[in-house]
Amino acid sequence: MTAIEKPFIHALRTPLCNYIYDVNTNAFVDVDESTYQYLREAEQRGGALPDGADEHIEQNLKTLRAQGYLSSKRPQEIRHSQSELLEYHLNENIAQIELQVTQQCNFRCAYCNYCASDFESQRDHSAKRMSVETALSAVDFFAKRCSNQEDPTIGFYGGEPLLEFPLIKRVTEYAEKKLYAKNLKFTVTTNASLLTPEIARFMEEHDFMLTISLDGTPETHDRSRRFASNGKGSFEVIRRNLENLKQQCPDLEYSFNTVVDPRYPCDSLHELFSEDGFFGGARIRSTLIDDQFSIKKTVPGEVFLQQDSRHMFKTYLTFQGVYERKRASHVACQDLSAMFQRFKIDMKPSVSLPEAAAPSGPCIPGQMRLFVSADGILYPCERVSETSPAMKIGNLKEGFDLGKVDRLLNIAQDTAEDCKNCWVFRHCKLCGGPSDNCGELSADLRRSQCESVREQVEHSFRDYLWTREFGIPEDTLIKGV
């Protein structure tokens with residue numbers, strides 16, 4: 001059996017077409033039914049082409065090979081392409097730093113990893129807060145290590161960061177002096193319950209971008225996002241603060257982050273951001289509940305799946321121009337647009353896979369979004385466990401532990417043989433975080449998530465292919481209108 005007889009491919013179909021995803025070229029090729037079935041069987045046999053292909057199929061295979069498809073090449077070594085450049089990236093090229101100004105929060109959200117975890121895999125809402133000395137040291141640390149970034153960003157994170165607004169104010173003013181030659185940007189993720197006119201004016205003056213957590217209508221939002229002091233819902237307080245913000249600081253940029261609980265219907269969420277005169281048309285990012293640190297996993301309900309699918313289908317029709325934009329879901333339009341923008345990056349054409357490569361999941365730990373805890377410990381980002389020794393990649397005093405950074409960057413070496421032969425290789429989103437088994441990096445834990453990742457990627461592939469089949473103009477997808 002020759003190497004060409006084991007092509008590195010994945011067969012998938014939509015209601016309209018049959019496709020082969022060619023891993024080496026990172027491209028989709030539409031094929032007829034008989035060729036699709038033949039190559040699908042080959043994939044199920046581990047890539048080995050079945051005997052007995054008829055003349056029609058043989059001719060199609062010959063044509064595909066002539067076009068550069070059906071190569072059997074797989075990576076021979078799992079090694080991230082940026083492994084040799086870690087010192088450069090972490091000493092000169094850090095893009096963003098996130099300061100955990102407090103671990104305390106005035107909310108107790110039902111799905112929050114910091115107050116509803118089932119085991120000691122994440123911290124809780126402690127009273128720990130970042131000192132002025134630590135915060136200014138973090139700015140100094142960042143200033144020395146972002147020299148190759150034109151637009152470095154400092155973010156403020158919690159808990160609820162606005163509990164520490166005086167610290168945020170001091171850090172902002174210090175950072176502007178320290179990084180005066182840069183186009184410095186600031187962000188804050190907030191529940192907006194403490195967003196006073198004074199705070200809003202300061203942030204407007206210093207070009208902040210706010211990300212405001214809002215989960216939908218009063219009923220939906222208040223089901224999960226309640227005040228710690230009295231257990232009451234927070235929607236009306238947030239809406240009142242946002243009304244003041246719009247009136248007094250019209251130039252302050254903000255967007256919404258919505259955590260969707262798929263156990264419940266979602267029509268009201270889509271209606272709020274599409275039809276409500278106050279929230280309609282806002283920039284919004286919706287995500288499902290993150291149950292990484294919970295033993296009990298969130299299973300989507302049938303009604304949610306039906307409603308969500310209906311809104312997405314209407315959005316396809318809207319982008320195609322056969323359904324009125326004002327009747328489509330604003331949330332779904334933005335979700336589909338974001339998906340397409342990701343694919344514009346992920347579907348970069350290629351000739352073949354290199355000899356040494358790594359799945360696409362891990363970013364360079366600490367380079368894109370370095371997280372600094374309240375006590376000055378460095379983490380790859382804010383989404384990993386703060387109680388895990390495996391995720392602690394250094395501290396402000398001693399700098400980075402390059403060995404730990406390299407270990408996380410090359411986490412796929414733990415499952416090297418699986419990864420070398422997996423068709424999701426270029427689109428896998430597994431980083432080191434999901435391998436974290438209470439402080440130890442587990443290959444078995446990583447493998448346990450592979451099937452779910454393949455399902456998610458195939459679903460995204462189909463969404464992307466639908467946009468092509470519908471003939472939706474690229475600029476329409478990017479703008480989300």
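Here are the numbers for the structure shown:
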quantity: Residue in the range 207-216 that is assigned to a loop (DSSP other than H, G, I, E, B) and small (G, A, S) present; calculated: yes
quantity: Residue check, S309 surrounded by 15 or more Cβ atoms within 10 Å (Cβ to Cβ), polar (S, T, N, Q) and either under 21 Å from the mean Cα position of the chain (by Cα) or not in a strand (DSSP E or B) (or both); calculated: no
quantity: Matching entry among P15, P7 (being touching a residue at least 60 places away in the same chain (Cβ under 8 Å) and under 35 Å from the mean Cα position of the chain (by Cα)); calculated: P7
quantity: Positions within the range 377-428 being modelled with pLDDT of 95 or more, β-branched (V, I, T) and over 23 Å from H89 (Cα atoms), in sequence order; calculated: T415, V424
quantity: Residue among E398, E386, E382 that alone is surrounded by fewer than 24 Cβ atoms within 10 Å (Cβ to Cβ) and free of Cβ contacts under 8 Å to residues at least 24 places away in the same chain; calculated: E398
quantity: Among (1) closer than 27 Å to S286 by Cβ; (2) part of a loop (DSSP other than H, G, I, E, B); (3) not basic (K, R) - the single one V188 does not satisfy; calculated: (2)
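Residues are listed down the side, and each one gets a yes or a no for (1) assigned by TED's automatic domain parsing to the domain that holds L252; (2) part of a helix (DSSP H, G or I); (3) surrounded by fewer than 16 Cβ atoms within 10 Å (Cβ to Cβ); (4) free of Cβ contacts under 8 Å to residues at least 24 places away in the same chain:
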site: K169; (1), (2), (3), (4): yes, yes, yes, no
site: A175; (1), (2), (3), (4): yes, yes, no, no
site: A200; (1), (2), (3), (4): yes, yes, no, no
site: S229; (1), (2), (3), (4): yes, no, yes, no
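The values are calculated or read from the model by the stated rules, or taken from the named source; none is laboratory data. Remember, it's a predicted structure, so these values are computed and weren't measured experimentally. FYI the Cβ positions are ideal-geometry reconstructions off the backbone, even for glycines, and counts take in every protein chain you see.
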